[in-house]
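Enquirer: Questions regarding the structure given below will be posed in turn.
No value in this document is a laboratory result; all are computed from the given coordinates. Since we're looking at a predicted model, the values are computed, not measured. For neighbour counting, all protein chains shown are included, and Cβ atoms are generated from backbone atoms with ideal geometry for every residue, glycine included.
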Amino acid sequence: MEKASNVDQLIEQFKTLPGGLLPLLHAVKHELGCVPDSVVGPIGKGFNLSRAEVHGVISFYHDFNTHPVGHHTVQICRAEACQSMGSRHIESHAKQSLGIDYGETTADGLITLEPVYCLGNCACSPSVRIDDDIHARVDQTRFDQLITELTTPNSETSGVSS
């Protein structure tokens, strides 16, 4: 079955569900890996919403991306507590060592780098989230270790680490 018809089926599945737009967007992201602009019109039509209304929801929630992202998402906290503890140094090191800027993905498709504006881990600043795992007190050396773990087959990390 082609992806466009999958999206059409998802729209039919969720359009009568109260509050069905968010579950639909999650389902589309799961199906396609992102919520591309090409599906905004059909979603709007199916939900009787304008393209602007659908786009507004997509852009409001950080869970939705409009282009494919890397296999792993690395987020560096840019909140004041993390900045005061050195996250700007980690940010600059990450951009240089990965060869990408915020919103970009490494050439191998492995890592997308994103800013985040609070991970709720202020007492253990600076913090970095990799996928769903928050890592505390990250310096440049620890950042490099975490990236090495991502790029080494059969390495596993989970939970909050320090």
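Enquirer: I'd like the Karplus ³J(HN,Hα) series for the range 55-63: coefficients 6.51, -1.76, 1.60, θ = phi - 60°, whole numbers in Hz, and an x wherever there's a Gly or Pro.
Expert: Karplus-based 3J(HN,Hα) across the range 55-63 equals 4, x, 5, 4, 6, 6, 8, 5, 5 Hz.
Enquirer: Mind listing the long-range amide H neighbours of Glu114? Cut-off is under 5 Å, sequence gap 5 or more, other chains count too, H placed in the peptide plane at 1.01 Å from N.
Expert: Residues meeting the criterion, in which the H sits 1.01 Å from N, are Val74, Gln75, Ile76, Gly103.
Enquirer: Hey, what number do you get for the chain at 222 nm if only DSSP H runs of n ≥ 4 count, each worth -39500 (n - 2.57), divided across all residues, to the nearest 500?
Expert: On the way: 7 runs with 71 residues, N = 162.
-13000 deg cm²/dmol, from helical runs alone.
Enquirer: Further, regarding this structure: Could you give each residue of the range 111-120 its phi-based ³J(HN,Hα) in whole Hz, using Karplus coefficients 6.51, -1.76, 1.60 with θ = phi - 60°, and x for Gly or Pro?
Expert: Couplings: 10, 10, 9, 9, x, 9, 10, 3, 9, x Hz.
Enquirer: Counting DSSP beta bridges with both partners in the chain, what percentage is antiparallel, nearest 5?
Expert: For the chain, the DSSP antiparallel bridge percentage is about 50.
Enquirer: Report the extension gain between Thr148 and Leu49 in nm, rounded to one decimal, defined as 0.36 nm multiplied by the number of residues separating them, less their alpha carbon distance.
Expert: Full-extension gain reported as 31.2 nm.
Enquirer: Give me a comma-separated list of calculated 3J(HN,Hα) values for the range 98-105, in order, Karplus coefficients 6.51, -1.76, 1.60 applied at θ = phi - 60°, integers in Hz, x for any Gly or Pro.
Expert: 8, x, 9, 10, 4, x, 10, 10
Enquirer: Here's something else I'd like to know. So how much slack lies between His93 and Lys29, counting 0.36 nm per residue of separation and subtracting their Cα-Cα distance, in nm?
Expert: The His93-Lys29 span can extend by a further 20.0 nm.
Enquirer: Further question: Go ahead and run the numbers for FRET between Leu22 and Asp108, Cβ-Cβ distance against an R0 of 35 Å, rounding to 0.05. Don't skip to the answer; put the middle values down first.
Expert: Details: r = 32 Å, r/R0 = 0.90.
E(calc), rounded to 0.05, equals 0.65.
Enquirer: Still on this structure, I have one more. At 0.36 nm per residue, minus the direct Cα-Cα distance, what do Asp131 and Lys15 gain on full extension? Give it in nm, one decimal, please.
Expert: On the way: separation 116, 0.36 × 116 = 41.76 nm, distance 2.98 nm.
Length gained between Asp131 and Lys15: 38.8 nm.
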